[in-house]
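Report on one structure; see the data block that follows.
The values are calculated or read from the model by the stated rules, or taken from the named source; none is laboratory data. These figures come from a predicted structure and were not determined experimentally. Methodologically, a virtual Cβ is constructed for each residue, glycine included, from the backbone with ideal geometry; neighbour enumeration extends over all protein chains shown. The accessibility values were calculated without ligands, DNA or RNA, using every heavy atom of the protein model including side chains. Shrake-Rupley method; radii C 1.70, N 1.55, O 1.52, S 1.80 Å.
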Amino acid sequence: MTESTLTLPSGDWPTLEPGWVWLCGAGPGDPGLMTLHAVHALREADVIVYDALVSKEILSWASPETEMVYAGKRGGKPSAKQADISLHLVDLAKAGKRVLRLKGGDPFVFGRGGEEAQTLIQHGVPVRIIPGISAGIGGLAYAGIPVTHRDVNQAVTFVTGHDKTGAATQLDWAAMGRAAGVLVIYMGMKHAPTIREGLLAAGRPEDEPVAVVSQATTPDQRVIETTLGAMVEDIDAAAMEPPAIICIGRAVLMRQVLDWQALMRGEAPRDLDPLRRGKPAQEG
């Protein structure tokens, strides 16, 4: 779909005013997962400051006159400093630009949106926050994995695979291992050995199901199903690369029946009762 054919339903859409910055989530990858507010903002902005995970197709929906500023941050690769990105947003807004800060996933879920918004407000720049679908929910849904299921968990823990220093060793994996039946780990590929060691030490079983979803919701999506004990070796063997989400817990088993993309290709479900409930799903 091109910029000229993309239209919004009629409605009282908010106006992106000069001197404002809208911090917006672009979703996990599939352009169809963008919100209508996000699409509207793309059409209004004078400047779009975008991250590495925002696709070219999404950016093509902006006006041809819109200035594009790349501000991607990828682990292990040259990246702009966070302080410089935040202050550049301030400068653009102070120059009277209508600024869209477009971030992959949701800006407030491990997206540093809180830091950027605070910087803007401290400098007197008005902001609007537009949530997006986070990869830890949307990406797993595209893999056929529900992050909650009544027969598996009553809580889910979302955790980044490293702290602000870039290390995983300072995170309390023992506490996280006890906190919830399902763990969803962002940016954890690099530190998979540390994560496994910490969770095993916390008492999580070696045979606990694990799924790794790379390039979630895009045509390049890849999924491997493994176990906590084998995940490091299986990630290496599959040559999985970030960005990726790691899901740990019995909810991963539901992919055997809910892999809807495989069903669309004509494949049969691998197991209609992967949790071994012994009764139809409609019977609670």
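Taking the square root of 5 times each eigenvalue of the Cα gyration tensor, what semi-axes in Å does the equivalent ellipsoid of the range 54-130 have, largest first?
Numbers: eigenvalues 69, 60, 32 Å².
Those come to 19, 17, 13 Å.
On the principal axes of its Cα set, how long, how wide and how thick is the chain? Give whole Å, largest value first.
The principal-axis extents, from largest down, are 60, 43, 34 Å.
Just the number please: accessible area per residue for the chain, 1.4 Å probe, all protein chains included, in Å². Don't skip to the answer; put the middle values down first.
Numbers: 14040 Å² over 284 residues.
With all protein chains present, the chain gives 49 Å² per residue.
Report the label-to-label distance for Ala239 and Gln170 in nanometres (one decimal), using points 7 Å from each Cα along the Cα→Cβ vector.
So the label points at Ala239 and Gln170 sit 3.5 nm apart.
Which percent of the accessible area of the chain is formed by carbon and sulfur heavy atoms (probe 1.4 angstrom)?
Numbers: 7550 of 14040 Å².
That share works out to 54 percent.
Taking Rh as the Kirkwood radius, which is the inverse of the mean 1/r over Cα pairs, what is the Rg/Rh value for the range 42-199? Mind dumping the intermediate values first?
On the way: Rg = 17.9 Å, Rh = 17.6 Å.
That ratio equals 1.02.
Residue by residue, what Karplus-based ³J(HN,Hα) values in Hz, rounded to whole numbers, does the range 193-206 have, using 6.51, -1.76 and 1.60 with θ = phi - 60° and x for Gly and Pro?
x, 5, 4, 4, 4, x, 6, 5, 5, 7, x, 5, x, 5
Treating the beta-carbon of each Lys and Arg as +1 and of each Asp and Glu as -1, no other charges, what is the dipole magnitude of the range 127-284 about its Cα centre, to the nearest 20 debye?
Roughly 500 debye for the range 127-284.
Given a Förster distance of 22 angstrom, what is the FRET efficiency for Arg277 paired with Arg222, based on the Cβ-Cβ distance and rounded to 0.05? Each step should come with its number before you reach the end.
Values: r = 29 Å, r/R0 = 1.32.
My answer for the efficiency is 0.15.
Keeping all protein chains in the complex and leaving out DNA, RNA and ligands, what accessible area do you get for Cys24 with a 1.4 Å probe, in Å² to the nearest 10?
Result for Cys24: roughly 0 Å² accessible.
Amide H neighbours of Ala52 under 5 Å, counting only residues 5+ apart in sequence or on other chains, H built in-plane at 1.01 Å?
Distant-sequence amide H within range of Ala52: Gly72, Lys73.
Whats the longest run of the chain with zero GluC sites (Glu not before Pro) that are DSSP loop and have at most 10 other Cβ atoms within 10 Å? Write out the running numbers ahead of the final one.
Details: sites that count: Glu65, Glu267, Glu283.
No qualifying site falls inside 66-266, the longest such stretch.
Let me spell out the model: positive unit charges on the Cβ of Lys and Arg, negative unit charges on the Cβ of Asp and Glu, origin at the Cα centre of the chain. What dipole size does that give, in debye rounded to 20?
340
Which value, in Å to one decimal place, does the Kirkwood hydrodynamic radius take for the range 138-261 when every pair of different Cα atoms is included? Each step should come with its number before you reach the end.
Values: mean 1/r = 0.0702 Å⁻¹.
Kirkwood radius, the range 138-261: 14.3 Å.
Report relative contact order for the chain in percent, whole number only (criteria: Cα-Cα under 8 Å, sequence separation at least 6).
Numbers: 553 pairs, mean separation 48.9, N = 284.
Normalised by residue count, the contact order of the chain is 17 percent.
Solvent-accessible area of Arg43, probe 1.4 Å, all protein chains present, reported in Å² to the nearest ten, please.
Spelled out: Arg43, probe radius 1.4 Å, area about 80 Å².
Determine the distance separating the Cα centre of the range 228-284 from the Cα centre of the range 102-157; give it in Å without decimals.
For the range 228-284 versus the range 102-157, the Cα centre distance is 23 Å.
To one decimal place, what Kirkwood hydrodynamic radius in Å is obtained for the range 208-263 from all pairs of distinct Cα atoms? Let's see the in-between values first.
Details: mean 1/r = 0.0867 Å⁻¹.
About 11.5 Å for the range 208-263.
Taking θ as phi - 60°, what are the ³J(HN,Hα) couplings along the range 265-274 by the Karplus curve (6.51, -1.76, 1.60), each to the nearest whole Hz, with x for Gly and Pro?
My calculation for the range 265-274 gives 7, x, 7, 7, x, 6, 7, 7, 9, x Hz in order.
Assign unit charges at the C-beta atoms only (+1 for Lys and Arg, -1 for Asp and Glu), then state the dipole size of the range 23-125 relative to its Cα centre in Debye, rounded to the nearest 20.
Details: 12 positive and 12 negative charges, 47 e Å.
Roughly 220 debye, rounded to the nearest 20.
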